[in-house]
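Working notes, structure below.
The values are calculated or read from the model by the stated rules, or taken from the named source; none is laboratory data. Treat the numbers as computed from the prediction; the structure is a model and nothing was measured. Heads up, the Cβs are rebuilt from the backbone with ideal geometry, glycines too, and the neighbour counts pull from every protein chain shown. Note: accessible area is taken over every heavy atom of the protein model, side chains too, but ligands, DNA and RNA are not part of it. Shrake-Rupley method; radii C 1.70, N 1.55, O 1.52, S 1.80 Å.
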Amino acid sequence: MMLIPTHHFRDIERKPEYLQPEKCIPPPHSRPAGTMWFIRDGCGIACAIVTWFLVLYAEFVVLFVMLIPSRDYVYSVINGLVFNLLAFLALASHCRAMLTDPGAVPKGNATKEFIESLQLKPGQAVYKCPKCCSIKPDRAHHCSVCKRCIRKMDHHCPWVNNCVGENNQKYFVLFTMYIALISLHALIMVGFHFLHCFEEDWTKCSSFSPPTTVILLILLCFEGLLFLIFTSVMFGTQVHSICTDETGIEQLKKEERRWAKKTKWMNMKAVFGHPFSLGWASPFATPDQGKADPYQYVV
């Protein structure tokens with residue numbers, strides 16, 4: 001099979017038959033300002049529900065199997081507070097990543113009036129997405145699940161039922177980080193609990209029967225190990241992508257860099273906000289993305 005250069009697909013969009021603004025009209029029902037972003041995808045919704053279920057299962061085992069029956073109240077209180085705080089931040093980050101517009105380009109904006117408003121100079125060209133009839137900014141890609149072009153789209157993640165793009169990458173990174181932390185914390189507590197139960201009577205180290213306790217702990221151990229590996233790898237991949245200022249799609253397609261190169265620290269601040277603060281670790285702090293440049297559509 002002959003491979004087609006990645007730039008070929010963008011060159012196709014320059015052809016006149018793809019730039020027919022008279023065929024592009026705004027969608028009949030535009031999204032009102034302030035409307036919550038939510039993708040109606042069955043697979044994504046199911047994955048998001050499973051994510052919450054797994055976190056709540058870990059919460060149940062940690063609290064009712066290990067911490068509450070423990071006679072060491074200091075150990076229980078400290079670990080309970082840490083685990084619940086991390087779990088709360090993980091679920092909050094998941095909600096922000098899922099319900100935040102990742103950077104969708106206005107649908108159906110490839111109209112004659114909009115193209116004229118760009119005030120293109122002779123020789124300048126614009127890219128149009130034939131699927132959603134929108135003028136694509138540089139580094140935007142079309143998502144077949146979201147059915148929109150997404151600015152700086154990294155990938156579509158079913159676990160958050162959304163694309164990871166310009167506006168919600170911070171929340172996705174925090175989600176993977178906090179899931180990795182609670183997975184590691186749960187594994188450490190499971191290890192200590194097994195040692196404690198082996199040294200004492202199994203009937204005294206849990207409010208459940210010994211067989212039920214063992215099954216619940218083994219399931220939690222398997223879940224924690226699986227998600228620790230998965231989210232740690234994803235977290236590292238995302239941080240590397242941010243530092244190099246190259247999205248997952250751009251790396252996969254080996255697209256030629258057409259944007260200015262910045263330092264790693266500047267790239268981090270562009271995603272997490274200016275200046276550096278504790279807000280970087282908070283899913284409730286919205287990073288300052290700056291104002292959109294209308295000429296980002298032009299090449």
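If a residue has to be of a type outside the set (V, I, T) and in contact (Cβ under 8 Å) with a residue 12 or more places away in the chain to count, how many in segment 71-94 make the cut?
12
With the requirement that a residue be in contact with a helix residue (DSSP H, G or I) (Cβ under 8 Å, 6 or more places away or on another chain) and either open to solvent by 10 Å² or more (accessible area, probe 1.4 Å) or in a loop (DSSP other than H, G, I, E, B) (or both), what does segment 158-177 give you?
P158, W159, V160, N161, N168, Q169, F175, M177
Any residue in segment 103-123 that is aliphatic (A, V, I, L, M), in a helix (DSSP H, G or I) and open to solvent by less than 20 Å² (accessible area, probe 1.4 Å)?
For segment 103-123, residues aliphatic (A, V, I, L, M), in a helix (DSSP H, G or I) and open to solvent by less than 20 Å² (accessible area, probe 1.4 Å): absent.
From the list I135, I78, I150, which one is over 20 Å from T231 (Cα atoms), touching a helix residue (DSSP H, G or I) at 6+ places or on another chain (Cβ under 7 Å) and of a type in the set (A, V, I, L, M)? Lay out the reasoning, then the answer.
Numbers: I78 fails: touching a helix residue (DSSP H, G or I) at 6+ places or on another chain (Cβ under 7 Å); I150 fails: touching a helix residue (DSSP H, G or I) at 6+ places or on another chain (Cβ under 7 Å).
I135 is the lone residue from the list that is over 20 Å from T231 (Cα atoms), touching a helix residue (DSSP H, G or I) at 6+ places or on another chain (Cβ under 7 Å) and of a type in the set (A, V, I, L, M).
In this structure, does R31 turn out to be open to solvent by 80 Å² or more (accessible area, probe 1.4 Å), at pLDDT 90 or above, more than 27 Å from A180 (Cβ to Cβ) and basic (K, R)? So that I can check it myself, show each step before the final result.
Details: open to solvent by 80 Å² or more (accessible area, probe 1.4 Å): yes; at pLDDT 90 or above: no; more than 27 Å from A180 (Cβ to Cβ): yes; basic (K, R): yes.
No, not satisfied.
This table checks each residue for (1) among the basic types (K, R); (2) more than 18 Å from G103 (Cβ to Cβ); (3) buried (at least 18 other Cβ atoms within 10 Å of the Cβ).
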| residue | (1), (2), (3) |
| --- | --- |
| P210 | no, yes, no |
| I218 | no, yes, no |
| L225 | no, yes, no |
| M234 | no, yes, yes |
| V239 | no, yes, no |
| R258 | yes, no, no |
| S277 | no, yes, no |
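So how many residues does segment 135-155 have that are among the β-branched types (V, I, T) and open to solvent by 10 Å² or more (accessible area, probe 1.4 Å)?
1
Against the condition without any contact (Cβ under 8 Å) to a residue 12 or more places away in the chain, assigned to a loop (DSSP other than H, G, I, E, B) and aliphatic (A, V, I, L, M), how does A285 come out, does it pass?
When the stated conditions are applied, A285 does not pass them.
Search segment 107-126 for residues that are within 18 Å of A140 (Cβ to Cβ) and pair each with any residue that is modelled with pLDDT of 70 or more and open to solvent by 80 Å² or more (accessible area, probe 1.4 Å) when their beta-carbon atoms are under 9 Å apart and the residues are at least 6 apart or on different chains.
As it stands, the answer is K107/K147, since those pairs meet every condition given.
Just to be sure before I move on: is C132 touching a His at 6+ places or on another chain (Cβ under 7 Å) and either open to solvent by 10 Å² or more (accessible area, probe 1.4 Å) or part of a loop (DSSP other than H, G, I, E, B) (or both) in the structure I sent?
On the way: touching a His at 6+ places or on another chain (Cβ under 7 Å): yes; either open to solvent by 10 Å² or more (accessible area, probe 1.4 Å) or part of a loop (DSSP other than H, G, I, E, B) (or both): yes.
Taking the combined requirement at face value, the residue satisfies it.
Residues of segment 244-258 being within 18 Å of V164 (Cβ to Cβ) and either touching a residue at least 24 places away in the same chain (Cβ under 8 Å) or assigned to a loop (DSSP other than H, G, I, E, B) (or both), which ones?
D245, E246, T247, G248, I249, E250, K253, E255
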